[in-house]
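Worksheet: the structure to be examined is printed underneath.
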Amino acid sequence: MALSNEYIIQRLKEKFGEELFTFQESYGMLELVAPKEMNLKVLNFLYDDAQLQFRFLTDLTGVHYPNRTGEELAVVYHLHNLQSNCRIRFKVHTSVDQPEVYTATGLFSAANWMERETYDFFGIQFVGHPNLKRILNVDEMDYFPLRKEFPLEDQTRIDKDDEMFGRG
Amino acid sequence: MSRPVSYNLIQKPLEKDISVAPLPDGHQGEGFFATSLDAVIGLARKNSIWPLPFATSCCGIEFMATMGSHYDLARFGSERVGFSPRQCDLLMVMGTIAKKMGPVVRQVYLQMAEPRWVIAVGACASSGGIFDTYSVLQGIDQVVPVDVYVPGCPPRPEAIIDGVLRIQDLVGKESLRRRNSEQYKALLNSYGIQ
């Protein structure tokens, strides 16, 4: 049974009402955005529903949009229905001042490390995560390197002559 | 035939079929040879350096070529590559060292017995190379003292051999008192090593 994007949209609207989501389709893949308080309810519904059955968490990551005031940080869930081979993308936004999102570890064990990685790089606090600490970077790091407020290059270096790098 | 690079442009004629390490300065006569202890120990050390490869990326691949039959680092007395820091004299760091790897390099260095030497092979180990970023150590000399830097990204095997030969020069000429000197202690102290 193939799942169509229209059907997924219809089921979500039946369950959560018309206004809750914004939908978007790019390259045939459905993307839905919900308020961050709703993330577990939506994930649970997508998981449990007999037709939808999105039971595989392909990826969980973050994005920083520095210009979107109040919703700077996004958490992106890539979900996969293995039976009908259908993928969707689910996003929630949160402000950079209070980056708190409910953890999905209760639903997907795979979310554990992926949420730690997202915390490590974007500083998103996953409320209820059993072991929220850095996973890839050094423990002493006191910033979140993939946020765009941090310059990519090490600013403490004095041996790099800008002119030699074509940016003088 | 190798590609002509600075290491093989200068043709050096073979003097003898078999080269042996040159005799240090000294006095000799019938049945005796007298020289300084420094020179003898330096001669022995420099021609039997045991390297410890710490290879993390493409420079390590070049090192494999260096150890292979074509370039053959064994010709210079470094036949035996050790994989325990306790046995080795020369730490060869080849490749990008992430900040998380820094303490590991340092620990491996600490586990080596004196006298020990360090060679940083390639741009990443020497200065961070192209990886001027939050996760990469900007040169291993931030965590351990380095004796010789080999430039290149990655360096050719000839360059690695050249680096090892420079290490041999340092080893051969090193005074036996150097490791007890105040300067050396100050150097180690500057890295927080007692």
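Every number here is computed from the coordinates shown, using simple stated rules; none is lab data. These numbers were taken from a predicted model, which means no experiment stands behind them. Note that we place each Cβ from the backbone using ideal geometry, even for glycine, and neighbour counts take in every protein chain shown.
Given H placed on each backbone N at 1.01 Å, which residues far from residue A:58 in sequence or on other chains put an amide H within less than 5 Å of it?
Under 5 Å from the amide H of residue A:58 lie the amide H atoms of A:78, A:79, A:80, each far enough along the sequence or on another chain.
Reachable lysines from residue B:173, Cα under 30 Å, same-chain residues fewer than 8 places away excluded?
Cross-link targets: B:12, B:16, B:46, B:185.
Under 22 Å between alpha carbons: how many lysine pairs meet that in the stretch A:5-153, if sequence neighbours fewer than 8 apart on the same chain are excluded?
Total qualifying Lys-Lys pairs in the stretch A:5-153 comes to 12.
Check residue B:97: other-chain or 5+ apart residues with amide H under 5 Å from its amide H, H built from backbone geometry?
So residue B:97 has HN proximity to B:137.
I need the phi-derived Karplus couplings for the stretch A:59-75: 6.51 cos²θ - 1.76 cosθ + 1.60, θ = phi - 60°, integer Hz, Gly and Pro marked x.
With the stated coefficients, the stretch A:59-75 comes to 8, 9, 8, x, 9, 10, 10, x, 8, 8, 4, x, 9, 5, 9, 10, 10 Hz.
Between residue A:6 and residue B:141, what is the FRET efficiency for a Förster distance of 56 Å, r being their Cβ-Cβ separation, to the nearest 0.05?
Numbers: r = 61 Å, r/R0 = 1.09.
The formula returns an efficiency of 0.40 here.
Given axes a ≥ b ≥ c from the Cα gyration tensor, I'd like to know whether the protein assembly as shown is rounded (a/c under 1.5), prolate (a/b larger than b/c) or oblate.
Since a/c reaches 1.5 and a/b is larger than b/c, the shape of the protein assembly as shown is classed as prolate.
If I take every Cα pair under 8 Å that is 6 or more residues apart in chain B, average their sequence separation and divide by the length, what percent do I get for the relative contact order?
It rounds to 20 percent for chain B.
Find the centroid of the Cα atoms in the stretch A:1-74 and in the stretch B:10-66, then give the distance between the two in whole Å.
67 Å
Can you tell me what share of the DSSP beta bridges in chain B is antiparallel? A percent to the nearest 5 is fine.
25 percent
Please figure out what share of the DSSP beta bridges in chain A is antiparallel and state it in percent, rounded to the nearest 5.
75 percent
Could you calculate the FRET efficiency of residue A:25 with residue A:127 from 1/(1 + (r/R0)^6), where r is the beta carbon distance between them and R0 is 45 Å, rounded to 0.05?
Using R0 = 45 Å, I get an efficiency of 0.90.
Starting at the first residue of the stretch B:112-122, write each ³J(HN,Hα) from the Karplus equation 6.51 cos²θ - 1.76 cosθ + 1.60 with θ = phi - 60°, in whole Hz, x for Gly and Pro.
Those phi angles translate into 6, 8, 5, x, 9, 10, 10, 10, 9, 9, x Hz.
Scan around residue B:50 for amide H atoms under 5 Å from its own, H built in the peptide plane at 1.01 Å from N, and keep only partners 5 or more places away or cross-chain.
Under 5 Å from the amide H of residue B:50: B:89, B:90.
What helices does chain B hold that run 18 Å or longer along their axis, going by alpha-carbon atoms, with a Kyte-Doolittle average of -0.5 or more, using DSSP H for the helix calls?
B:157-173
What are the ³J(HN,Hα) couplings of the stretch A:4-12, residue after residue, when phi is run through the Karplus curve with 6.51, -1.76, 1.60 and θ = phi - 60°? Round to Hz, x for glycine and proline.
Couplings: 9, 4, 4, 5, 4, 4, 4, 5, 5 Hz.
Provide the net charge surrounding residue B:174, with neighbours chosen by a C-beta distance below 13 Å and charges set as Lys +1, Arg +1, Asp -1, Glu -1.
Result for the neighbourhood of residue B:174: +3.
Between beta-carbons, use under 9 Å as the cut-off and find the net charge around residue A:124, counting Lys and Arg +1, Asp and Glu -1.
Net local charge, residue A:124 excluded: -2.
Please work out whether the stretch B:16-121 counts as rounded, prolate or oblate from its C-alpha gyration tensor, where a ≥ b ≥ c are the square roots of the eigenvalues and a/c under 1.5 means rounded, while otherwise a/b larger than b/c means prolate and anything else oblate? Provide the component values of the computation, followed by the final result.
Numbers: a/c = 3.65, a/b = 1.78, b/c = 2.05.
It comes out oblate by the Cα gyration axes.
Give the order of A:36, A:133 when sorted by the count of other beta carbons within 10 angstrom, beginning with the fewest.
The order, fewest Cβ neighbours first, is A:133, A:36.
So how do B:94, A:114 line up by other beta-carbon neighbours within 10 Å, fewest first?
Exposure proxy ranking, most exposed first: A:114, B:94.
Specify whether the C-alpha gyration tensor of the stretch B:51-190 places it in the rounded, prolate or oblate class, a ≥ b ≥ c being the square roots of the eigenvalues: rounded for a/c under 1.5, otherwise prolate if a/b is larger than b/c and oblate if not.
It is oblate, given that a/c is not under 1.5 and a/b is not larger than b/c.
Report the net charge of residues surrounding residue A:77, where surrounding means a beta-carbon distance below 10 angstrom and charges are Lys +1, Arg +1, Asp -1, Glu -1.
+1
What do you get for the angle between helix A:111-122 and the principal long axis of chain A? Use alpha-carbon atoms, 0 to 90 degrees, nearest ten.
The two axes meet at around 40 degrees.
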